[in-house]
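Working notes, structure below.
The values are calculated or read from the model by the stated rules, or taken from the named source; none is laboratory data. Just so you know, these numbers come straight off a predicted model, no measurement behind them. Ideal geometry is used to build each Cβ from the backbone, glycine not excepted, and the neighbour counts take in all protein chains shown. The area values use the complete protein model at the heavy-atom level, side chains included, leaving out ligands, DNA and RNA. Shrake-Rupley method; radii C 1.70, N 1.55, O 1.52, S 1.80 Å.
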Amino acid sequence: MAWDEWEQLKAEAASRQSARMQLNSIPAEPGGGGTGAYGDLKVHDKDLAAVGNAARELHKDFGDVSDRARLSSMSVVDSMKKSDGFQLGEAMDHVAVHWVDQAQSLLDATAHIANHLHVTQSIHAKDEVYIAGTISSIATLDQGFDERTTGK
């Protein structure tokens, strides 16, 4: 291979790469919208707090309502089975037991959501402090190197 041929191949490769290569950035989102942070998930504390509060409210409200429904159902079941002698009491008892199980599953899920979001907020706050500390440490280190090279 001659020197001229080598230089031509290098120039062709460089022209192909320079059109595609982007350093320290990522391509903007298709359609031109957004911040250019394609694929990044952004959640703000107020959003997490709103979802957590909604889950907490649902937990409280549904807990109150389901307790009233359970107590009413058990009262009707007892009345139907014991004093009225209806066989429907057994079927209603079966439904009431399954209602309690399903209600407890929903209460557990809403409590889990609220708790998870609270923990997520706490973890992200700690991550922010760590990242800020790390970056400020790097800036301090860079400043020290700058002072050493410039003599200031």
Filter pass, Gly85 being open to solvent by less than 60 Å² (accessible area, probe 1.4 Å) and not in a helix (DSSP H, G or I): yes
Test: Leu107 is touching a residue at least 12 places away in the same chain (Cβ under 8 Å) and either within 30 Å of the chain's Cα centre (by Cα) or open to solvent by 80 Å² or more (accessible area, probe 1.4 Å) (or both): yes
Residue list for the range 48-63, restricted to those being more than 13 Å from Leu106 (Cα to Cα), open to solvent by less than 70 Å² (accessible area, probe 1.4 Å) and either in contact with a helix residue (DSSP H, G or I) (Cβ under 8 Å, 6 or more places away or on another chain) or not small (Gly, Ala, Ser) (or both): Leu48, Ala49, Gly52
Conditions (1) of a type in the set (Val, Ile, Thr); (2) at pLDDT below 75; (3) touching an Asp or Glu at 6+ places or on another chain (Cβ under 9 Å): number failed by Val77: (2)
Extreme residue, nearest to Asp45 (Cα to Cα), among residues of the range 127-140 that are open to solvent by less than 100 Å² (accessible area, probe 1.4 Å) and not β-branched (Val, Ile, Thr): Asp127
Test result for Asp45, within 30 Å of the chain's Cα centre (by Cα) and loosely packed, with under 11 Cβ neighbours inside 10 Å: no
